[in-house]
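Comments concern the structure below.
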Amino acid sequence: MADLNGIRIGVYVCHCGKNIGGTVRCDEVAEYARQLPGVALATDSLYTCSEPGQEQIKHDIREHQLNRVVVASCTPRLHEPTFRAACESAGLNPYLLEMANIREHCSWVHLHDKDAATEKAKDLVAMAVGRAAKLMPQFEVTVPVARKAMVIGGGVAGIQAALDMADAGYQVYLVERTGSIGGRMAQIDKTFPTMDCSICILAPKMSEVGRHPNIELLTLSEVQEVQGHIGNFKVKVLKKARYVTKECTACGDCIKASPQHAPDEFNAGLSIRRAIYIPFAQAVPSTFLVDMDRCLNNSGIVACDRCFQACSHKCIDFAANDEVLDLDVGTIVVATGVDVYDPTALTELGYGKFPNVITTLEFERLINAGGPSGGELIRPSDRRRPQRVAFLQCIGSRSKRSNPYCSNVCCMNTVKDALLIKEHWPDTEIYVFYIDIRAFGKGFEDLFQRARREGVTFVRGIPGEIIEDIKTGDLTLLGENTLLGKHYRHRMDMVILSVGIKPHKDADKIQRLLNLATDTDGFYMEAHPKLRPVDTTTGGVFLAGAAEGPKDIKDSVTQASAAASRANILMSRGEVKIPAITSRIDPKKCTACGLCARVCPYHAIEGSKEQGFYRVIEAACQGCGACVPECRFGALDQTHFTEDQIVSQINAALASDPHDKILAFACNWCSYAGADFAGVSRIQYPHNVRIIRTMCSARVSPSWIEKAFIMGAGAVLVSGCHPADCHYNNANQNTARRVERFWKRMEKQGINKDRLRLAWVSAAEGAQFAKVIKEMEAGLKKLTSQQIQEAAEKLQKSLTKKSEAT
Amino acid sequence: MTIKIWKHFPREDLYECYQCARCTGSCPAMEVAPAYGPRETILKCLNLGHDKVVEDEKVWLCCTCNVCEDRCPQKIPISDLLVALRNSAARRGNIPTRLSMALELLAKTGRSMIVHQLDEMRAHHGLSPLPAAPVEELRDILKKTGRDEVIEF
Ligand SMILES: Cc1cc2nc3c(=O)[nH]c(=O)nc-3n(C[C@H](O)[C@H](O)[C@H](O)COP(=O)(O)OP(=O)(O)OC[C@H]3O[C@@H](n4cnc5c(N)ncnc54)[C@H](O)[C@@H]3O)c2cc1C
Ligand code: SF4
Ligand code: SF4
Ligand code: SF4
Ligand code: SF4
C-alpha cells in the first residue's frame, strides 16, 4: 500500500472460475500485491472480464482515484482490448492498463504444483505492477483507410469475397495466377453433399465477377511486392501478357491451327491442349491465351502465325508485354486455396507407374461430361469401363510421411464419387478402403448411408501394397480387413487414390509478402482460432477459404463472406487507429550517427549527418523497436515499451531467488503466442521462467541481458519468430546479430554461454516453447551459485569500466 | 497398460498408430503365416498390455524385414518394437523350442546347426573340414546380451 509519487494502482487477480483459481491461490496473490509500491488496492474476483468484474474496475477508478490498473488473468492477446475499454469508459487512458498473464503462462502450465504456481503468479503481478508504475498515457493517431480492396486468389472463396465487397460498393482488384478464375471447384464434377453440378452453380458467380463494375479482374497475375500497412497498402502486381486481346469471342478457330501441344492442366494432365487455348469452356475472362513457353514465338521473333491467320477478329498480339501494376488498397483478402497431394512418392501404390491407378482429381475430370473422356469412366490402360473399382482413403493425409492432418474433404468426396459411379453404371462393384469415415457435416451422414444402401462396400484397412498384372493392367490389393482380422487380396480394374489437399505451392511467398504466420502444416494462421477466425496478425489482411485450413466449398464460401464483411467494416469506417507504440528520438541525445536508420525495416527513420539530426516518421513506424537497442547514446526509446518500463519488469522478476530463474523475452506475435499455446494445450514445463513481452524480439536490448545476469539470473532466453516469419520484415535478424555478439562477449569473459539462449518459436509451437524451457532448466541445474555470482561480477566490472570510459 | 512396454521400448509414437493396417498389408510373414500381423500386435500392446503380448507366440513370426516400417504412415519403428517384445518374451520363457534349441546348440558347439554330417559331405567334395567355431567368444556374447538367462549352458 506504499505511496509512490501519487501513483495509485488497482490490482485485480482473476480466478477465471477454476482455470486460474483451481491452481493459483488468488486471494494470497491479491494480499501480496497490496504491499507492493504504488498499489492503492488489490482484490481477487471470480471473472474479472464479466460485466460485474469490469464495473468493479470502473467503480474503483472513480471511487479510489486509481490512475493505473493491473489485471492478472489470461493472456493480454485475448482481453487487453476489453480491459482497456473498461479503463477508458471510466476516464482512464487505456495505455495505463497492464496485464499479468497468470493463466496461459502460469496456472495452465503448472497444473500440479499449487505452491510454485502461486509464487510465480506473485512474481508476474509484481512485474506488472512495476511496469504499470512507469506507464504513461498515450494517444493513438488515426489513419485513413483506402476504400479499395485486393483479393488474392480467384477460387470460390476469392470470388465470393470479391463479390461481397464489390456489392457493398468498394472497388476490388481480384488477382488470379492462372488464366481463369474458378479454382478447384471449376474442376469438380458434382459437389457433396447435395450432388449439385459444380460448374453449373459456380459459372454464374464467375460471370458476375467478370461483369461487375466494381471488380477489376487481373488474371495471369501475381502479387510481387506489398508495402505499407492497414488502410494503406501499396501493392505491385505483375500482370503477364495474354497475347490475345479482349476482342476475342472465344470462337476457337485458332485452336486447330496451333501446331504446339501441351498437357491440359485443367484436365489434370489427362488430355492435350494447344499452345493457344482457353483453360475451360466456362472460363472467365472468356478470352483465349497463348502459353508462351510452348509457343514457337517464345524467342521474341514471330516464327509462326498460324493462329493469327486463323483468327477472323485478328485479336492475337505477339507483341504484348508483361505489365507491372501499382495498386493502392486499404484491405487485403488472401484466398490462395490448395493443391492436391501428389502420391508418386508412395511407391507401393504404383501411382505414375501403373496406368490404372489414378487420383480423385483425375477421376473428377474423367467423370465430367466436359472432361477428356466426355464423361465416360474408362481405364487409362485400355479405355475399357472398369467393373471393379477401389477407392483408397487418407492418401497423403494423416501421415508423418506426407501431411499429418486430416484433409477434411476426401471422405465425403469418395462417398460422392462412389455414388456417381453407381448412378451411371449400377453394376460396378465399388470398394472403399478406409481408416475412419469422417462424415461430420450437415447432410454428410445421409450421403454416407445412401452409398452403403446402394451397395458400396466399405473395408476398414488400407492396402499395404498394389500389384499390377502387366498383361491385363488389373491390380491386386494386399491388405487386412481390420474388423474381421483377416487378410484380403482384391483384384480390381481400377484404383482411385483419395488424395489430400495441401497449401498452394505459392503460399509461403504470400506469407512473406504479407508478414503472415502459418501453422505447422503450412496453412495461414488466424489471429485467434476461436474469436478472430478470419483476421490475421497483420492488420487489414483477412483469410478466406482452404488457404486457412482444409475445408469444403460451403465452409470456404462462409469464411469468404466473413472475411469480406471484416474488410467492409474497416472500409466503411474509413479510418483506423494505429497503436501508440512507435519509437521516438530525443534530439538532445541524438548525435546523428544514423545507425538506427540502417536497421529500421520500414525506412521510417529519416535524417542525415549533414542535417545534424534523425527523426522517426510516426505514420511509417510499425513499432517493432528494432532501432532502440541500436542507439549507443540512449537517444531512442519506444512508446509504451520504454527502457524504464522493461527494466522495472526485470527488477521485479529477479527480486528473489534470481539464481533459480530463467528470464525470457518473447515477441508478441510468435513466441509469446507460442507460450500462450503451450498453456492452451496444457503442456507442463518448469515454473521458474518469467516472461517479458516485447512487440519484436529485436526490441530486446543487450543491456537487459547484461542486467539480468548481473542481478544473478540463472539463464536468459531471447525468443522470436522463425527468421522468415518475422512480423516486422526480418527485423529479427538484428536479434540474432545482437545475441551472437553477446555470446562472443560471454566467451571472452569465460562465462558459460549456454546460459543465454536464442530460440525461434512460432505461435503454433507450444510444445517447442516447453521443450526449450525444459532444456534450459536442465542446464541451470548444472550451474553452481558461485559460477553465477562470478559471472555477475565479471559483467559488472566490464560495465563499470565502460561507463567510466564515457 | 503400455507402461511395461515402454520400459523396453520408450517410444510415445506407439500411441499414434492409426490401425490402418498398411503394415500387415505389406508384411511378408503374414503371407506365410496368415495368423500374424504387426497391426494386431500393436493393438494388443495398446489395449492388452505388455504381459499379454509377450505371452503370444505370434511375436516370433516377424522376420525383421522392416517393410512395415517403411510404409507405416506414422513412422512407427515396428520391427524394433518386435525385437524388444521378443527379448522380453524370451526372458519369460516364451521362446519357440526350435529357437531355444538353436541357441543352446550355439552355446555348446558354436554353431546353430549340427554340422558333423556336413564335414563328411565336404570331405567327399574335397573340401577341408570346417574350422573350429569360437565357442568361448560366442558364450561371452550370449552372456553379455543376457541370453544366458533364457537357456542353460
Ligand atoms: C478432388 C477434390 C474434390 C472435391 N470435392 C468437393 C465437393 O464435392 N464438395 C465440396 O464442398 N468441396 C469439395 N472439394 C473441396 C473444394 O475444392 C474446396 O473447398 C474449394 O476449392 C476451396 O476454395 P478456395 O477458393 O479456398 O481455393 P481454390 O479452389 O484452391 O482456389 C484458389 C485459387 O487461388 C489461385 N491462387 C493460388 N495462389 C495464388 C497466388 N499467389 N496469386 C494469385 N492467385 C493464386 C489459384 O490459382 C486458384 O484459382 C474437393 C476438393 C478436391 C481436391
Ligand atoms: S477426410 Fe477422410 S480420407 Fe480425408 S484425410 Fe480425413 S479421414 Fe482421411
Ligand atoms: S525500427 Fe521499428 S520501431 Fe524503429 S522506427 Fe523503424 S519501424 Fe519504428
Ligand atoms: S502401418 Fe503404422 S499406423 Fe498403420 S496399423 Fe501399422 S503400425 Fe499402425
Ligand atoms: S518387420 Fe516383421 S512385422 Fe514388419 S513386415 Fe517385416 S516381418 Fe512383418
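Annotations
- Entry note, chain B: the mean residue ellipticity at 222 nm calculated from DSSP H runs of n ≥ 4, each adding -39500 (n - 2.57), is -15000 deg cm²/dmol after division by the residues and rounding to the nearest 500.
- Judged by the gyration tensor of its Cα atoms, with axes a ≥ b ≥ c, region A:342-502 is rounded; a/c sits under the 1.5 cut.
- When you work out D = kT/(6 pi eta Rh) for region A:654-806 at 20 °C and 1.002 mPa s, using the Kirkwood radius from C-alpha pairs as Rh and the Stokes-Einstein form, the result is 137 µm²/s.
- The relative contact order of region B:97-150, computed from alpha carbon pairs under 8 Å that lie at least 6 residues apart in sequence, is 34 percent.
- Direction-averaged projected area, Cα convex hull, region A:583-627: 2.8 nm², rounded to one decimal.
- Here the spin labels are modelled as points 7 Å beyond Cα on the Cα-Cβ line, and at A:Ile255 and A:Ala805 they lie 7.7 nm apart.
- Cα convex hull of region A:1-80, projected area averaged across orientations, nm²: 5.0 nm²
- Residues A:Glu222, B:Glu55, ordered by accessible area of protein heavy atoms at a 1.4 angstrom probe radius and largest first, appear as B:Glu55, A:Glu222.
- Whether region A:175-333 is rounded, prolate or oblate, judged on the alpha carbon gyration tensor where a/c under 1.5 counts as rounded: oblate
- Database remark: amide H of A:Asn368 closer than 5 angstrom to the amide H of A:Gly375 (H placed geometrically; neighbours at sequence offset of 5 or more, or on other chains; Pro and chain starts carry no H).
- Seen against the Cα atoms of chain A and their longest principal axis, helix A:114-134 is set at about 80 degrees.
- For chain A, the residue among A:Gly545, A:Asn298, A:Ser701 whose Cα projects farthest onto the positive side of the dipole built from Cβ charges is A:Ser701.
- With θ taken as phi - 60° and the Karplus curve 6.51 cos²θ - 1.76 cosθ + 1.60 applied, the whole-hertz 3J(HN,Hα) list for region A:275-287 is 5, 9, 7, 10, x, 6, 4, 8, 3, 10, x, 8, 10 Hz, x standing for glycine and proline.
- For the protein assembly as shown, the Rg and Dmax computed from alpha carbons only, in angstrom: 34.1, 113
- Taking only alpha carbon atoms, region B:24-153 gives an Rg to Rh ratio of 1.08, where Rh is the Kirkwood radius.
- Of A:Gly231, A:Asn734, A:Gln65, farthest towards positive along the dipole that unit charges on Lys, Arg, Asp, Glu beta carbons give the protein assembly as shown: A:Asn734
- DSSP-defined antiparallel bridges as percent of all bridges, region A:342-502, nearest 5: 40 percent
- Per-peptide average of other Cβ atoms within 10 Å, ordering B:126-136, A:73-83, A:594-604 highest first: A:73-83, A:594-604, B:126-136
- By a 1.4 Å probe calculation restricted to protein chains, A:Met206 has an accessible surface near 0 Å², given to the nearest 10.
- In this calculation the C-beta distance from A:Asp657 to A:Lys353 is compared with R0 = 60 Å, giving a FRET efficiency of 0.40.
- Note that region B:5-91 carries a Kirkwood radius of 12.6 Å, evaluated over its alpha carbons pair by pair.
- Measuring only protein heavy atoms, the 1.4 Å probe finds A:His212 accessible over about 30 Å².
- The value of relative contact order for region A:342-502, using C-alpha pairs under 8 Å at least six residues apart, is 30 percent.
- Within region A:1-140, percent of DSSP bridges classed antiparallel, to nearest 5: 5 percent
- In degrees, nearest ten, helix A:671-680 long axis to first principal axis of chain A (Cα): 80 degrees
- Selection from B:Ala107, B:His125, B:Leu43 lying farthest towards where the dipole of chain B points positive, charges on Cβ: B:Leu43
- Dividing the summed helix terms, -39500 (n - 2.57) for each DSSP H run of n ≥ 4, by the number of residues in chain A produces a 222 nm estimate of -9500 deg cm²/dmol to the nearest 500.
- Sparse-neighbour loop sites [chymotrypsin sites (Phe, Trp or Tyr not before Pro); region A:280-337; at most 11 other C-beta within 10 Å; DSSP]: none
- Solvent-accessible surface (1.4 angstrom probe) belonging to A:Glu51, in square angstrom, nearest 10: 120 Å²
- Note on B:Lys75/A:Gln65: beta-carbon distance plugged into 1/(1 + (r/R0)^6) with R0 of 45 Å gives a FRET efficiency of 0.10.
- The C-alpha atoms of chain A define a longest principal axis, and helix A:198-211 lies at about 70 degrees to it.
- Ranked from largest to smallest solvent-accessible area, with a 1.4 Å probe on the protein heavy atoms, A:Met695, A:Met711, A:Met571 come out as A:Met711, A:Met695, A:Met571.
- Amide H contacts under 5 Å for A:Ala72, placed H, 5+ residues apart: A:Tyr12, A:Val13, A:Cys14, A:Ala100
- Point-charge dipole on Cβ atoms (K/R +1, D/E -1) for region B:97-150, about Cα centre, debye to 20: 120 debye
- Here chain A is treated with +1 on each Lys and Arg Cβ and -1 on each Asp and Glu Cβ, and its dipole about the Cα centre works out to around 1260 debye.
- Peptide A:615-621 has a mean shielding of 0, counted as Cβ atoms of other protein chains within 10 Å of each residue's Cβ.
- Whole-number D in µm²/s for region B:97-150 (Stokes-Einstein; Kirkwood sum over Cα pairs; 10 °C, 1.306 mPa s): 130 µm²/s
- Take every Cα pair under 8 Å whose residues are at least 6 apart in sequence, average their separation, divide by the length of chain A, and the relative contact order is 12 percent.
- For A:Leu4, the residues whose amide H sits under 5 Å from its own are A:Gly38, ignoring neighbours fewer than 5 places away on the same chain, with H placed 1.01 Å from N.
- Shape of region A:241-321, Cα gyration tensor, a/c cut at 1.5: oblate
- Derived scalar couplings ³J(HN,Hα) [region B:51-56; Karplus, 6.51 cos²θ - 1.76 cosθ + 1.60; whole Hz; x for Gly, Pro]: 4, 5, 5, 6, 6, 7
- The residues A:Ser798, A:Ser381, A:Ser198, sorted by heavy-atom accessible surface at 1.4 Å with ligands and nucleic acids left out, run A:Ser381, A:Ser798, A:Ser198 from largest to smallest.
- Considering only beta bridges that DSSP places wholly inside chain A, some 45 percent are antiparallel.
- Sparse-neighbourhood loop sites, GluC sites (Glu not before Pro) in region A:550-649 - DSSP loop, at most 13 other Cβ within 10 angstrom: A:Glu610
- Its alpha carbons give region A:94-178 an Rg and a Dmax of 23.5, 60 Å.
- In this calculation the C-beta distance from A:Ser271 to A:Asn481 is compared with R0 = 45 Å, giving a FRET efficiency of 0.75.
- Computed from backbone phi, the HN-Hα couplings of region A:42-48 come to 9, 8, 10, 9, 5, 9, 5 Hz, rounded to whole numbers (Karplus: 6.51 cos²θ - 1.76 cosθ + 1.60, θ = phi - 60°; Gly and Pro given as x).
- Rounded to the nearest 20 debye, dipole of region A:583-627 from Cβ charges on Lys, Arg, Asp, Glu: 140 debye
The values are calculated or read from the model by the stated rules, or taken from the named source; none is laboratory data. Predicted model only: the values in this text are computed from it and were never measured. Glycine also receives a Cβ, built like all others from the backbone with ideal geometry; neighbour counts cover every protein chain displayed. What goes into the accessible areas is simple: the full protein's heavy atoms, side chains included, and nothing from ligands, DNA or RNA. Shrake-Rupley method; radii C 1.70, N 1.55, O 1.52, S 1.80 Å.
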